[in-house]
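Below is one structure, written out as C-alpha cells; the observations come after it.
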Amino acid sequence: MIINGKSIADSIKASLAERISAFPAKYGRSPRLAVLLVGDDPASAKYVHNKEIACERVGIENLTLRLPADTAEQQVLERIAALNSDPSVDGILVQLPLPKHISESRIIASIAPEKDVDGISPANVARLWTERSAVIPGTDPDPKDSFPIPCTPAGCMRLLKEAGINPDGKNAVVLGRSNIVGLPVAKLLLNAGATVTVCHSRTKDLAEITRRADILVAAIGKPRFVTADMVKEGAVVIDVGINVDPASGVLCGDVDFDAVAARAAAVTPVPGGVGPMTICMLMENTAACFLRNVNK
Ligand code: NDP
C-alpha cells in the first residue's frame, strides 16, 4: 500500500473547511493565524505562501507580517508580544530559520503557548514529554484539554491513523533525534503504545535495528538512505525526508522508495506523503487554538 498523504491531506482540509465554515455563525468570527517572516530566504517565502494558500482553502484568516532581514531581535519580540495580547489572533507561527543575529530559542520562547501552532514553545514541549497522551490535531471535536503538538510528527501519526495502522504493541524505530521531528514523533509513538527505539548518527548496527521495526520512521535528511535490506518484510515505512537527489536533481525522501515499496506493507512517497500533512496539521492546530480561545 502506498499511503497517499496528498489525498488524505486534501480530504482532511475539505472536512476542516466545512467545520470552520460554521464558526462565524457560532462564535462570531473565523480562526486567525499570524505568520511572521523575517528576511527574504526564497524557501521560507515559498513555505509562507503555501501556508497562505492552505489558510484560504480552509477558511482561516491569514495575517502574514513580512519583516526585513536586518530587523532587530527586540523588534521581533515586540511584534510577538503584540500578537500574544491580541485576542483576535488565535495562532502565531514564526517561519524558521531566522536571520543569524536573532536567537531562535528566545523568539520561540516568547510565543504564548496557547497560540504556538507549531507546538515548539518550551511549555508545549514540556507538556508533550510529561503527559502520557496528546491529542492528534483534528481527532477531537472539542479539544479544550489538548495543546498544540509539532506539525510534522502530528502529520506522521495522523497518516498512520488514516491508513488504519495502530502502533499499539508494535516495535517502532525512528531514524533521527531532532527536536522538530525525531524526538516528538518518538514520544507520540510511545503515547500510542509502541515500543520505540530512536537511532541517530552514532547508532551502531543501524540496519539490524531497523530490520526489527514494524513501523519505521525516517527523518535524517539523506537521499534514499533507507534501502530494502534495512526493512522488515511487511513493515510500515513513513518517510519524512525531503532531499534533492544529487545525481538527478529530483526531489526524494530518505527512503529508497521503489525497492522498499516492494518489501514493506505500506510506505509514504516523497513528494506526496508526510509533506502535505504538515501544513494540514498546522491548519488543524490553528482551528484547535481558536476553539480553546473562544471557549475560555
Ligand atoms: P536534522 O538534520 O535536524 O536531524 C537529522 C537527524 O538524523 C539527526 O538526529 C542525525 O543524527 C540523524 N542522522 C544523520 N545522519 C544519520 C545517519 N547516517 N544514520 C543515522 N542517523 C543519522 O533534520 P530534521 O529532523 O530537521 O529533518 C529530517 C528530514 O526531514 C530532512 O530531510 C528534512 O528536510 C525533512 N523534514 C520534512 C518535513 C516535512 O514536512 N515533510 C518537516 C521537517 C523536516 P545526530 O543527531 O547524531 O546528528
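The values are calculated or read from the model by the stated rules, or taken from the named source; none is laboratory data. This is a predicted model, so every value here is computed, not measured. Positions of Cβ are generated from backbone atoms using ideal geometry, with glycine treated the same way; all protein chains shown enter the neighbour counts. Note: accessible area is taken over every heavy atom of the protein model, side chains too, but ligands, DNA and RNA are not part of it. Shrake-Rupley method; radii C 1.70, N 1.55, O 1.52, S 1.80 Å.
Within the range 140-151, track down each residue that is within 16 Å of the ligand (Cβ to nearest atom) and outside any helix (DSSP H, G or I). Within the range 140-151, 148, 149, 150 qualify. Residue under question is residue 186, and the condition is that it be open to solvent by less than 20 Å² (accessible area, probe 1.4 Å) and touching a strand residue (DSSP E or B) at 6+ places or on another chain (Cβ under 7 Å); does it hold? Here the answer is yes, as residue 186 does meet what is asked.
Cβ-Cβ contacts under 9 Å between residues 6 or more apart (or on different chains), taken from a first residue in the range 270-281 that is within 11 Å of residue 4 (Cβ to Cβ) and part of a helix (DSSP H, G or I) to a second residue that is near the ligand (Cβ under 8 Å from one of its atoms) and open to solvent by 20 Å² or more (accessible area, probe 1.4 Å), are listed as 277/152. Contact map, the range 285-296: residues that are among the hydroxyl-bearing types (Ser, Thr, Tyr) paired with residues that are in a helix (DSSP H, G or I) and buried (at least 21 other Cβ atoms within 10 Å of the Cβ), Cβ distance under 9 Å, separation 6+ or inter-chain. Pairs shown: 286/55; 286/58.
Can residue 14 be described as modelled with pLDDT under 95, small (Gly, Ala, Ser) and open to solvent by 30 Å² or more (accessible area, probe 1.4 Å)? Spelling it out, it is not the case that residue 14 is modelled with pLDDT under 95, small (Gly, Ala, Ser) and open to solvent by 30 Å² or more (accessible area, probe 1.4 Å).
Right, residue 270: aliphatic (A, V, I, L, M), under 30 Å from residue 15 (Cβ atoms) and within 10 Å of the ligand (Cβ to nearest atom) or not?
On the way: aliphatic (A, V, I, L, M): yes; under 30 Å from residue 15 (Cβ atoms): yes; within 10 Å of the ligand (Cβ to nearest atom): yes.
The answer is yes for residue 270.
Checking every residue in the range 250-262 against the condition of being of a type outside the set (A, V, I, L, M, F, W, C), outside any strand (DSSP E or B) and at positive phi gives zero matches.
Taking the conditions (1) at pLDDT 95 or above; (2) more than 16 Å from the ligand (Cβ to nearest atom); (3) in contact with a helix residue (DSSP H, G or I) (Cβ under 9 Å, 6 or more places away or on another chain) in turn, residue 100 satisfies each one other than (3). Note on the range 273-296: residues that are closer than 21 Å to residue 162 by Cα, among the aliphatic types (A, V, I, L, M) and more than 12 Å from the ligand (Cβ to nearest atom) total 3. In the range 161-185, the residues that are in contact (Cβ under 8 Å) with a residue 40 or more places away in the chain and of a type in the set (Asp, Glu) form Cβ pairs under 7 Å with partners that are more than 8 Å from the ligand (Cβ to nearest atom) and not in a loop (DSSP other than H, G, I, E, B), at six or more places apart or across chains, as follows: 162/8. With respect to residue 125, determine if the residue is out of contact with any Gly (no Cβ under 9 Å at 6 or more places or on another chain) and surrounded by 16 or more Cβ atoms within 10 Å (Cβ to Cβ). Answer is no for this residue.
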